[in-house]
Amino acid sequence: MSELGVLFCTSEMYPYAKSGGLGDVSQSLPEALRKEKGVKVYTIMPLYQTIDREKFGLEYSGLTFKYVLRGVSHQFDIFVNKCNLYELFVYNPILCDREGLYYDAYGDFGDNGLRFGLLSYACLEVMIRMNLKIDAIHVNDWQTALIPVLAKTHYYLTQKCILTIHNLMYQGIFGKEVMLDLELDWERVFKPESLEYYDSVNFLKAGIHFADAVTTVSPTYANEIQTLAYGCGLDDVLRNNSWKLQGVLNGVSEEVFGPKVDTMIHKNFNVRDYKYKHDNKKALAQELGFMSVDKPLFIFIGRFTHQKGIDLLIESFNLLKDFEANFVILGSGEEHYNHIFKSIATNYHNINIIVGYDEARSRRMYAAADFLIMPSLFEPCGLNQMIAMKYGTLPIVSKTGGLKDTVVDFTDVDYDHLKAYSGIGITYEEHNLFWFMHAIAKALSLYGNRKKFEKISKHDMQVDNSWKKSAKTYIDLYTKP
Ligand code: ADP
């Protein structure tokens, strides 16, 4: 079989730039694909000014080109990771010279349409100018969703285009003037079934139309987004394109996450030296200054946005404060939430609130905790719960999207056939304070049964949430005519 060439285009990728799950997946899926025989994966992303070029060994590749759009000449300099020549980076000042990736304290950057339009052009120009042998172009979310559009209507390419929707809520909706800025073909592109969206443009919608295959990150979410309740205004578009839509469950990197391999945690452990998990709890207690390590430790790690159930979480604090348990919240996101969390940070003796993005601390929390709270309103896949389980931390999740596909409630388990189950935790059906508190109470009672708790925790550590199966599904998608 001849070699399969894949160009994986993304706006973020761990460890260079990460705002959430997309950053993790952009690292871990190519990592898994590269382990498969005969697959060559190039990744390409912006070289944001916040990325430390020296630390990561990113070097100028020798390729610079200019692309003129609406009379403006945009220059692109292409960099490469000298330790992995398949990792490519695009530097362009409009795209890269920002404090944040997509927004700052004042909101989304006003020129995001132009910025990620430029990235889309650059990805295809690099492929052509560097003469990369590519069979499939895999794009992710709205930021690179214009690539299938350009590939089909501007470059007339024959490569298969696969679009993955990591979160339908973010679609890249801009005013029509971006059509001019990016010199898009009005006749072929500005149509109700593709880019046009209530007289504006919608990058994701156009990507769905022009891609040869569309995936999303869990089977349940693939069904949910075709309904009015979860479709974020695109449910009809997705239903019309359901013939090419598929849910492929995300995986977690075996090399980055896990109590045995994680270089950021206090003490490594695995199922056999499970007792060392407790040392991580002690270390975190010391770090954050909470006293009792015998009490159960609940953590929340995530973006502060409505989707993640932040309002419910805040509402619950007045009840959680009276529980014999410790809670640690790490997150950042929308300014009003950052503000609320900062202002209540010292109000509760057993709730520790850290506002910010801190990868190393998040790992120490996963390793130390007994339970991870994930009260999401919807969750395309969710990586937190899968990451937590690797560290023996039981997820408490609402039954939605990928959470439903990866976690089963411990009361529904037949313990004589434990191996038949994937992740085990606590699930609840309805998104309200009553059911959320009920789930926390169930967790407390489970914690009281040490033997059972440990059995589940060790089971979760061994669950296969790797990319092995899903990477094969993607290879099928790349190769299927
Ligand atoms: P999202 O909707 O944000 O993509 P996911 O569950 O798919 O959610 O992935 C979230 C990823 O981001 C996980 O790796 C999680 O540990 C990480 N993360 C989120 N917020 C923070 C934070 N404040 N500090 C460190 N890591 C974070």
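Whenever a residue of the range 316-327 is of a type in the set (Asp, Glu), its partners that are assigned to a loop (DSSP other than H, G, I, E, B) and open to solvent by 10 Å² or more (accessible area, probe 1.4 Å), lying with C-beta atoms within less than 7 angstrom and at least six residues away or across chains, give the pairs Glu324/Lys295. Please tell me if Tyr48 is among the aromatic types (Phe, Trp, Tyr) and under 30 Å from Ser332 (Cα atoms). Yes: the conditions hold for Tyr48.
Out of all the residues in the range 344-358, which are open to solvent by 70 Å² or more (accessible area, probe 1.4 Å) and not aromatic (Phe, Trp, Tyr)?
Selection gives Thr346, Asn347, His349.
Taking the range 225-237 as the search range and keeping residues that are away from the ligand (no atom under 15 Å from the Cβ) and within 21 Å of the chain's Cα centre (by Cα), which one is surrounded by the fewest Cβ atoms within 10 Å (Cβ to Cβ)? So, considering only residues that are away from the ligand (no atom under 15 Å from the Cβ) and within 21 Å of the chain's Cα centre (by Cα), the one surrounded by the fewest Cβ atoms within 10 Å (Cβ to Cβ) is Gly231. Kindly provide the set of residues from the range 279-308 that are buried (at least 16 other Cβ atoms within 10 Å of the Cβ), among the charged types (D, E, K, R) and farther than 13 Å from Asn350 by Cβ, ordered by number. The answer is Asp279, Lys281, Arg303, Lys308. Sub-9 Å Cβ pairs linking a first residue in the range 7-29 that is hydroxyl-bearing (Ser, Thr, Tyr) to a second residue that is assigned to a strand (DSSP E or B) and open to solvent by 30 Å² or more (accessible area, probe 1.4 Å), at least 6 apart or interchain, are Ser19/Arg303, ordered by first then second residue.
Only a single criterion out of (1) part of a helix (DSSP H, G or I); (2) in contact with a strand residue (DSSP E or B) (Cβ under 9 Å, 6 or more places away or on another chain); (3) closer than 17 Å to Gly309 by Cβ is not satisfied by Ile396, namely (1). Go through the residues of the range 364-375 one by one and say whether even a single one is farther than 16 Å from Leu288 by Cβ and hydroxyl-bearing (Ser, Thr, Tyr). Checked against the condition, which is being farther than 16 Å from Leu288 by Cβ and hydroxyl-bearing (Ser, Thr, Tyr), the range 364-375 yields no hits at all. I'm checking my understanding of the structure. Among residues of the range 93-115 that are open to solvent by 10 Å² or more (accessible area, probe 1.4 Å) and assigned to a helix (DSSP H, G or I), which one is farthest from Phe210 (Cα to Cα)? Ranking the candidates gives Pro93 first. The condition (being of a type in the set (A, V, I, L, M, F, W, C), over 26 Å from Val25 (Cα atoms) and in the same structural domain as Ala443 (by TED's automatic domain parsing)) is satisfied by just one residue among Ile310, Ile329, Ile344, Ile301: Ile344. Of the strands (runs of 3 or more DSSP E) lying entirely inside the range 116-224, the ones with 1 or more residues being surrounded by fewer than 17 Cβ atoms within 10 Å (Cβ to Cβ) are found at 200-202.
All conditions but one from (1) on the phi < 0 side of the Ramachandran plot; (2) away from the ligand (no atom under 13 Å from the Cβ) apply to Gly392; the one that does not is (1).
Checked against the criterion of being more than 16 Å from the ligand (Cβ to nearest atom), surrounded by 15 or more Cβ atoms within 10 Å (Cβ to Cβ) and within 20 Å of Glu224 (Cβ to Cβ), the range 400-415 has at least one qualifying residue. Could you list, in sequence order, all residues of the range 101-136 that are among the acidic types (Asp, Glu), more than 15 Å from Pro46 (Cβ to Cβ) and within 24 Å of the chain's Cα centre (by Cα)? Asp104, Asp108, listed by residue number. When the test is whether a residue is basic (Lys, Arg) and touching a residue at least 60 places away in the same chain (Cβ under 8 Å), Lys399 does not pass it.
The values are calculated or read from the model by the stated rules, or taken from the named source; none is laboratory data. All values reported here derive from a predicted model rather than from experimental measurement. Neighbour counts are summed over all protein chains in view; Cβ atoms, including those assigned to glycine, are modelled from backbone coordinates with ideal geometry. We work out accessible area using only protein heavy atoms, side chains counted, and drop any ligands, DNA or RNA first. Shrake-Rupley method; radii C 1.70, N 1.55, O 1.52, S 1.80 Å.
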